[in-house]
1. Give the distance, in whole Å, between the Cα centre of the stretch 387-434 and the Cα centre of the stretch 121-194.
2. How much of the accessible area of the stretch 30-336, probe 1.4 Å, is carbon plus sulfur, in whole percent?
3. What's the percent breakdown of Cα-Cα distances in the stretch 280-350 across 10 Å bins, shortest bin first?
4. Calculate the spin-label point distance for residue 379 paired with residue 297, positioning each point 7 Å from the Cα along the beta-carbon direction, and give it in nanometres.
5. Only helical DSSP H runs with n ≥ 4 go in: add -39500 (n - 2.57) per run for the chain, normalise by residue count and round the 222 nm mean residue ellipticity to 500 deg cm²/dmol.
6. Can you give the FRET efficiency for residue 231 and residue 429, using 1/(1 + (r/R0)^6), R0 = 56 Å, r = Cβ-Cβ distance, to the nearest 0.05?
7. Name the shape class, rounded, prolate or oblate, that the alpha-carbon gyration tensor gives for the stretch 198-285, where a ≥ b ≥ c are the square roots of its eigenvalues, rounded holds for a/c under 1.5, and otherwise prolate holds if a/b is larger than b/c and oblate otherwise.
8. Based solely on C-alpha atoms, express the radius of gyration and the Dmax of the stretch 230-341 in angstrom.
Amino acid sequence: MELLGVAKLKGGFVHVVFVALLLGSVSGIGVNWGTQSTHLLPPSTVVKMLKDNGIQKVKLFDADSSILDALKKSGIQVMVGIPNDMLYMLANSVQAAEKWVSKNISAHVSSGGVDIRYVAVGNEPFLSTYNGTFESTTLPALQNIQSALVKSGLGNQVKVTVPMNADVYLSASDKPSDGNFRPDIHDLMLQIVKFLSQNNAPFTVNIYPFISLYSDANFPVDFAFFNGFQSPINDNGRIYDNVLDANHDTLVWALQKNGFGNLPIVVGEIGWPTDGDHNANLQYAQRFNQGFMSRFVAGKGTPMRPGPIDAYLFSLIDEDDKSIQPGNFERHWGLFYYDGKPKYPLNLGTRTNGLVGASGVAYLPKKWCILQPSANLNSDQVAPSVSYACQNADCTSLGYGTSCGGLDVRGNLSYAFNSYYQVNDQMDSACKFPGLSVVTDKDPSTPSCKFIIMIQTDSAELIRNRKRIWFLPIMLFVYLFHNVM
């Protein structure tokens with residue numbers, strides 16, 4: 001059992017006082033704004049929601065111009081992201097880096113009034129499951145982006161960083177003081193850390209106590225939260241009663257042992273999912289995030305870094321188009337549902353007492369696609385139909401321990417059909433599962449399981465146009481499944 005916690009499996013700042021003068025004092029909480037959704041809320045709606053909740057910082061995973069335009073003169077500090085698939089190009093071309101900075105940073109800062117503070121070069125590029133894919137390109141890309149920022153005159157205003165998964169460091173024991181960087185990337189990490197230090201830039205790390213529970217059935221549940229753990233780690237007098245502190249300070253020790261003990265740290269992602277696993281639920285998410293926020297607001301750091309933490313909650317809104325390779329929970333990290341509705345009470349320590357939802361959201365008509373009451377469950381159309389629906393929509397709320405885990409077989413089929421129907425904007429052809437489906441205006445939701453009505457969005461039209469290119473009528477798919485497979 002690894003009490004220090006394990007790293008987040010996916011692939012979608014603690015400051016000391018004197019360093020705060022370099023990077024700006026730690027202010028309010030930040031959030032991650034991801035966009036891997038079939039139906040996106042308009043950027044202007046999301047920015048209003050950020051402001052309504054007093055959120056002062058946002059971390060993006062790319063440089064979407066519509067989002068950056070919506071952030072103009074918002075007063076919100078921005079970390080712009082560069083996806084991993086761009087690292088090779090940026091590493092091998094100074095000109096490409098300069099062009100990227102000109103288009104995505106300079107243009108928005110100089111004339112657009114966007115308060116860009118950081119460029120995140122890559123996202124968890126040394127994740128062990130990537131098998132070294134980005135090890136040769138991350139540092140050169142980082143260097144070229146930094147050079148481009150300096151050339152553009154933004155070298156002091158906009159800092160570079162690389163959001164790392166917590167698997168880039170480890171401890172030989174349960175004690176943070178035994179921490180060091182992963183042996184296979186130790187020298188590379190020191191090169192990156194040295195570069196960050198030379199440019200007054202922070203080390204960004206994503207820490208996920210949830211993954212500790214997900215990956216280890218024997219992991220003590222209370223150690224993942226902030227309510228006290230009966231068997232804390234005593235590390236030479238420093239007491240660790242939660243995995244966040246222990247994991248974070250393992251990084252602090254790794255930095256300190258290698259001569260960079262004062263490098264500022266940003267917690268780039270931290271949060272808890274609400275569905276897709278028996279440990280991913282509203283109760284645990286509220287417990288974790290409120291526990292973290294209470295510490296954050298009080299300015300409580302860790303035993304090795306007792307000052308205020310600079311952090312970004314993961315994430316703002318659920319993303320129904322994310323890869324579920326790490327687990328079904330990946331689509332449920334949001335503080336808000338897909339439509340901008342708050343999931344649970346959460347005090348962010350801002351001017352609001354709880355989360356404020358999105359306003360002006362438009363929905364499709366109140367109709368659902370469900371299993372016909374007369375449908376034969378023994379039909380040979382059932383298996384391929386539900387498989388097709390779930391492969392092309394979102395069924396991650398079905399299964400053991402999930403919000404819809406209590407549905408019977410008929411309920412599961414109805415949920416799958418409706419998910420496909422809504423993702424496809426209630427197109428008539430999306431509820432034509434042969435001999436099985438029917439459209440109803442009676443809400444099939446249960447107290448614990450919500451059958452959604454999709455929102456109306458501009459992004460939906462783009463998705464719909466894209467899908468028309470490859471759309472295979474369900475009748476033909478089922479026919480091929482049975483007669484060719």
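1. Centre-to-centre (Cα) distance: 40 Å.
2. 47 percent
3. Cα pair-distance distribution for the stretch 280-350, in percent: 18, 44, 28, 9.
4. In this crude label model, residue 297 to residue 379 measures out at 5.3 nm.
5. -9500 deg cm²/dmol
6. 0.45
7. Here the stretch 198-285 falls in the oblate category.
8. In order Rg, Dmax, the Cα atoms of the stretch 230-341 give 16.0, 48 Å.
The values are calculated or read from the model by the stated rules, or taken from the named source; none is laboratory data. Quick caveat, the model's predicted, so the values are computed rather than measured. Don't worry about glycine lacking a Cβ; one is built from the backbone with ideal geometry, like all the others, and counts go over all protein chains shown. What goes into the accessible areas is simple: the full protein's heavy atoms, side chains included, and nothing from ligands, DNA or RNA. Shrake-Rupley method; radii C 1.70, N 1.55, O 1.52, S 1.80 Å.
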